[in-house]
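Presented below is the structure to which this report refers.
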Amino acid sequence: MLLKLDFGSDRPIYMQIRDQIVLGIAQGQLAAGERLPTIRALSEECGINMMTVSKAYQLLKQEGYITADRRSGAAVAARREAAGPTKETLDGLRLRLGELRLAGMDEDEAMDLCRRLYKEGTE
């Protein structure tokens, strides 16, 4: 599994792993039931501590994106029923839209950008 980690970023590495796996699932690059690398294998591949990968996997499991157990390892969870976005997701979206507004985008430009990015995830 090829991840692009930015070690100079303010975003913690475990969150970068989480985000990239979520995007991989959303964009169809990771299918339901597909096995993820073991914690040890991914940590060695990325050159990071196993606890960092473990923290990312624990978060993904808690959020329902993956299943994990000691025998069969981690796998992409079956698509779940839409329960709606979490409060954290909505707060993050509000922040990003505020940043776009401060960057000079009007509502139509921001919505066009959102549509374009949303479609990228389905192509």
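Throughout, read-outs are computed from the coordinates displayed, never taken from laboratory work. The structure displayed is predicted, hence computed values, not measured ones. Here the Cβ is made from the backbone with ideal geometry for all residues, glycine too, and neighbour counts use every protein chain on show.
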Under 22 Å between alpha carbons - lysine pairs in the chain that sit 8 or more apart or on different chains = 5
In whole Å, what are the Cα extents of region 13-76 along the three principal axes, biggest one first?
-> 27, 26, 20
Spacing of the two label points (7 Å from each Cα toward its C-beta) at Ala31 and Asp19, in nm = 2.8
Just grab the label-to-label distance for Leu102 and Glu63, each label 7 Å out from Cα along the Cβ direction, in nm (one decimal).
-> 2.3
Additional length obtainable on full extension of the chain from Glu109 to Glu45, 0.36 nm per residue less Cα span = 19.1 nm
What ranking do Lys119, Lys61 get, fewest neighbouring Cβ atoms within 10 angstrom at the top?
-> Lys119, Lys61
Using alpha carbon coordinates only, what is the Rg to Rh ratio of the chain, with Rh defined as the Kirkwood radius?
-> 1.01
